[in-house]
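The values are calculated or read from the model by the stated rules, or taken from the named source; none is laboratory data. All values derive from a computational prediction rather than experimental measurement. Every residue, glycine as well, gets a Cβ built from its backbone with ideal geometry; the counts of neighbours run over all protein chains shown. Calculation scope for accessible area: heavy atoms of the full protein, side chains included, ligands and nucleic acids excluded. Shrake-Rupley method; radii C 1.70, N 1.55, O 1.52, S 1.80 Å.
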Amino acid sequence: MKTLKLVPVNTSIGFIRHRTIAMVLSSLLVVASVFVFLANGLNFGIDFRGGTLIEASSESAVDLAELRGRLGALDLGEVQIQEFGKETDVLIRIAEKEGATDASNNLSAVEQVREKLSSDFDVRRVEIVGPQVSAELIQTGIMAVLAAIASMLIYIWFRFEWQFSVGAVLALVHDVALTIGLFALLQLDFNLSILAAILTIVGYSMNDTVVVYDRVRENLRKYKKMDLAELLNIAINETLSRTVMTSVTTMLALLALYILGGEVIRGFTFAMIWGVIVGTYSSIFIASPLLMLLGVKRDWSGTQVD
């Protein structure tokens with residue numbers, strides 16, 4: 001079974017030695033993510049903007065320019081049309097018009113589009129979200145992410161010490177910021193499934209970080225006089241096999257979903273793949289080195305190690 005081992009049993013890679021480079025790189029990426037987010041914003045989907053989403057299929061390849069002209073004549077406001085998987089499938093997004101107060105306008109738009117498409121297309125799916133619902137979804141989505149991070153901050157504080165708690169939460173903020181920055185940069189559709197992916201990333205990254213932190217705490221009691229940098233490096237190397245194995249097996253499942261799962265969940269799986277990458281990176285290069293900056297107790301008798 002040696003050929004199946006992704007990481008040797010005993011490794012001595014100097015992760016902590018490269019902490020300065022990693023911290024500077026991560027800081028620059030977080031700042032860049034915030035800048036891109038402020039400059040571009042997120043490409044909110046129907047879930048958050050309000051409006052109508054229509055999935056349709058044709059027997060032959062779709063001429064997007066011709067279809068845009070056909071639907072443009074309906075004067076429905078902002079209409080986005082794109083290929084959806086195959087060249088015979090299209091996704092039509094109709095943004096909520098300014099001043100709309102209920103779903104009646106959206107229903108009318110659906111009927112008009114159906115009439116235009118009836119001769120050439122088969123309408124497979126229709127989703128309608130009103131402006132009031134979309135505003136509530138944005139608010140509750142932000143609250144869900146903040147509540148998840150705050151809950152983990154409190155849990156780690158009680159489970160370990162405040163230094164571990166702050167380090168873990170900063171690593172989480174790093175992962176969430178880079179994920180949002182990537183979506184802002186690529187202008188990918190940001191909807192409820194992406195929000196679910198971010199919450200999943202938070203849980204995955206925290207789980208990975210806690211495994212390393214638990215070994216750090218054990219080593220703090222085991223090696224009472226060892227230099228903190230060396231101790232942290234040993235903890236990362238001792239848990240490296242588990243970290244890599246978890247990441248690789250999760251990635252295999254996500255890649256299968258991304259390739260075979262279809263367009264409906266492709267955004268979710270893309271966000272998850274990115275989240276596994278940055279979550280694994282942060283648990284090794286961000287969460288542990290942060291303990292060097294914050295200082296930790298050598299034991300739980302009150303002596304602090306800086």
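Quick notes on this structure:
- Answer residue from region 157-175, given it is surrounded by fewer than 23 Cβ atoms within 10 Å (Cβ to Cβ) and within 24 Å of Phe37 (Cα to Cα) and is nearest to the chain's Cα centre (by Cα) among those: Val173
- Cβ-Cβ under 7 Å pairs, at least 6 apart or on other chains, region 261-290 side on the phi > 0 side of the Ramachandran plot and open to solvent by 20 Å² or more (accessible area, probe 1.4 Å), far side at pLDDT below 90 and outside any helix (DSSP H, G or I): Gly262/Gly85
- Pairs, first closer than 19 Å to Gly261 by Cβ and without any contact (Cβ under 8 Å) to a residue 24 or more places away in the chain in region 68-94, second acidic (Asp, Glu) and not in a helix (DSSP H, G or I), C-beta under 7 Å, six or more apart: Glu83/Asp89
- Among the residues listed as Thr209, Thr200, the single one being part of a helix (DSSP H, G or I), of a type outside the set (Phe, Trp, Tyr) and closer than 30 Å to Leu53 by Cβ: Thr200
- Across region 117-150, the qualifying residues are those that are part of a helix (DSSP H, G or I) and open to solvent by 70 Å² or more (accessible area, probe 1.4 Å), and the one among them that is farthest from Gly275 (Cα to Cα) is Gln132.
- Of all residues making up region 223-245, the number that are assigned to a helix (DSSP H, G or I) and touching a helix residue (DSSP H, G or I) at 6+ places or on another chain (Cβ under 9 Å): 15
Okay, residues lined up against (1) closer than 30 Å to Ile142 by Cβ; (2) of a type outside the set (S, T, N, Q); (3) touching a Gly at 6+ places or on another chain (Cβ under 8 Å):
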| position | (1), (2), (3) |
| --- | --- |
| Thr52 | yes, no, no |
| Gly69 | no, yes, no |
| Gln80 | yes, no, no |
| Glu87 | no, yes, no |
| Leu91 | yes, yes, no |
| Ala95 | yes, yes, yes |
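- Subset of region 194-246 that is modelled with pLDDT of 85 or more and of a type in the set (Phe, Trp, Tyr) - its residue that is surrounded by the fewest Cβ atoms within 10 Å (Cβ to Cβ): Tyr204
- Within region 76-104, the set of residues being charged (D, E, K, R) and at pLDDT 75 or above comprises Glu83, Lys86, Glu87, Asp89, Arg93.
- Filtered by the rule that a residue be over 18 Å from the mean Cα position of the chain (by Cα) and part of a helix (DSSP H, G or I), region 260-274 gives a lone residue, Leu260.
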